[in-house]
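One structure is given below, encoded as structure tokens.
Where a number appears in this text, it was derived from the coordinates with a stated rule and is not lab data. Please read these numbers as outputs of a predicted model, since none were measured by experiment. In this analysis, Cβ positions are derived from the backbone assuming ideal geometry, glycine residues included, and neighbour counts consider all displayed protein chains.
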């Protein structure tokens, strides 16, 4: 069974380095990476309200429909996906590593990897600062 990329990325709960290869991570980069991991932990722990509060308005809109196109709350969407993909979430959570975090102004990019389906896979998550809080937005798979 393949886990949807957005669900897979949000299920990551492990901790890893947030340093870029050419310099140590800034305090803001560390905060963005740790915030993403906290969002993922909220999802993995079943704290769906906290999970949804960490998503941008755009991401919350994406989670307003299930795989059949039925309207649902973000919290219900998260619970449904956790139920469907629970074992994969656990596997991803145990092996997740944040590879890098880059912040430019009010936008950030997080690259991560994790064990998945017998190999190593990963993705890129973007975030934006809204009213002083980092909210997590688009997810793209890494090749």
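A few points about this structure:
- Calculated FRET value between residue 107 and residue 72, using beta carbons and R₀ = 41 Å, to 0.05: 0.90
- Take each peptide in 68-76, 30-38, count the other Cβ atoms within 10 Å of every residue, and average; sorted highest first, the result is 30-38, 68-76.
- Kirkwood hydrodynamic radius (C-alpha pairs) into Stokes-Einstein, segment 50-103, 37 °C and 0.692 mPa s, D in µm²/s: 257
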